[in-house]
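First the structure, in the form of structure tokens, and then the observations on it.
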Amino acid sequence: MLASPGMLASLESAAVIGVQASPVHIEVDLCFGLPRFQLVGLPDTSVKESRDRVHAAIRNSGFEFPQHRIVINMAPADVRKAGSSFDLPIALGVLAASGVVLTRDIRDVVIVGELSLDGTIHPARGVLPIAVAARQQGAAALLLPAGNAVEASVVSGLRLLPVRTLAEAVGTLNQAREEWPGPPMPDSGPRAACDSGLDLADLRGQAFARRALEVAAAGGHNLLMIGPPGAGKTMLARRLPGILPPLGFEEALEATAIHSVAGLIPPGGGLLTERPFRAPHHTISDAALVGGGAQPRPGEVSLAHHGVLFLDEMPEFERRVLDALRQPIEEGRITVSRSARSVVFPARFMLVAAMNPCPCGYAGSATRACRCTPPQVDRYRARISGPLRDRLDLIVEVEPVPVGALAGDNPGESSGAVRERVLEARERQARRQSQLNARLPARSVQKACALDSGGQALLERSAERLSLSARAYHRVLRVARTIADLDGAARIVEAHLAEALQYRFVE
């Protein structure tokens, strides 16, 4: 039987802003008056639509919907509430205010979930950041869709209450707290290495490009490959994750949180086990690449966090889209500003790009004639701005593989063997400076990348001849340091520097 009007229920939920969750306090008041369902507290359209889902879900779950004026306040009022994950806390608030849920003050339990009309609870976006926020604010438990339970279980010390229906959620809240399950044991072990089935052993030839790929992986450097169609640029790029170290637990947690906010974690999915590899099409907009929208969502640069962002046919991307990469490449994050607030998304990725030498793809080819005029070639290459090109650590030419090499039986070196060298080089960097060479700040470059007199003279001559900027100068030093780490050398010698310089300039 329904309680008399004038009853107030209080619950806790959360709104995801960027990749962080912010607490949302929900109050439900039943009072005398004509039947009305009113939402206040800056809800957007998706939240306002919850009134119909909540009404149908309560009735179809076997409960009586109160025929009174219902006022629901969502605080703080200056934070816009978006998404369907407020359906479940609103429905439980209505049932708590009407006496079906026995406890009206449920502020120590964070509740999220989307309702269907029959009372089934669907998985929600952003549950991992919400679980982290719930633990930080000292919540007694997190009531969440069963499809998000594995995702949230990676947060240690938080009691989870997974439910599949509204009726099950009511039953759980009406249980004695002693009957609730304890916090699960999170899997904090090392992530498995990438095993996508793509192996460098599949490639024939391309010794120079393979070496550049190894150097890029060892130091976390950005890479641009230039070559005709069919030379193997995409094959090389797609095998890069296979030679990178496995994700650490903290890295996996950060990457999974971003994919959770974007709604890319499948039901029952947990931590990411492989480094992200994102390859957007060249028609992508700048908002889709770096993030944005009325309610800012992470873009491809953030989805590639701790992984690889591959831009195939790089000059075909719009100029403003490419130039939007400059901030995340330098800072490892992207700031999306809107009138109400600014949101910061992490974006620490390796940029790997591929392009043809000219519009037709055969400039300089010994087997096929190029149909492009010099002005066409110049315009094509100029689509990549100088400042962006300056941020690419390695630029390599990928030549076509001779038919004889393709028909050979000798496989190339496997990804596993290359990964071992990459791991050793990264361990040397961690011991020396606690970060990858590509991320060394300018003030630390001179100390970590000290040259002898011969190396310094070579670099000065090359810098003048190639018109290297200060940024390019430091990037050459970082690449040389990575080559020395692959060789196990304590200091950079002229051979390391000479190899780094040959990756810097391509006609």
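The values are calculated or read from the model by the stated rules, or taken from the named source; none is laboratory data. All of these numbers come straight from a predicted model, not from anything done at the bench. Counting neighbours? That spans all protein chains shown, and the Cβs are built from the backbone with ideal geometry, glycine included. Just the protein is used for accessible areas: all its heavy atoms, side chains included, with ligands, DNA and RNA removed. Shrake-Rupley method; radii C 1.70, N 1.55, O 1.52, S 1.80 Å.
What the table below lists for this structure:
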| quantity | calculated |
| --- | --- |
| Stretchable slack from ARG164 to GLU397, in nm (0.36 nm times residue separation minus alpha-carbon distance) | 78.4 nm |
| Cross-link partners of LYS48 among lysines (Cα-Cα below 18 Å; sequence separation of 8 or more within a chain) | LYS81 |
| Angle in degrees between helix 127-136 and the longest Cα principal axis of the chain, rounded to the nearest 10 | 70 degrees |
| Theoretical ellipticity at 222 nm over the chain - DSSP helices of four or more residues, -39500 (n - 2.57) apiece, nearest 500 | -10500 deg cm²/dmol |
| Top positive-direction residue, dipole computed over the chain with Cβ charges, set ALA255, VAL422, GLN376 | GLN376 |
| Accessible surface, segment 216-326, averaged per residue in Å² (probe 1.4 Å) | 32 Å² |
| Taking the convex hull of Cα positions in segment 1-120, its mean projected area over all directions (nm²) | 6.9 nm² |
| Proximal lysines relative to LYS447, as straight alpha-carbon distance under 16 Å, when same-chain residues fewer than 8 apart are discounted | none |
| Portion, in percent, of the accessible area of segment 63-171 that falls on carbon or sulfur, probe 1.4 Å | 49 percent |
| Volume per residue of the C-alpha convex hull in the chain, rounded to whole Å³ | 172 Å³ |
| Helix 50-60 vs. the chain, principal-axis angle (Cα, 0 to 90°, nearest 10) | 60 degrees |
| Share of carbon and sulfur in the accessible heavy-atom surface of segment 379-507 [1.4 Å probe, %] | 50 percent |
| Accessible area in square angstrom per residue, segment 349-398, 1.4 angstrom probe | 44 Å² |
| Probe 1.4 Å, protein heavy atoms only - accessible area per residue of segment 443-498 in square angstrom | 50 Å² |
| Positive-pole candidate from VAL479, ALA457, LEU440, dipole of segment 437-507, charges at beta carbon | LEU440 |
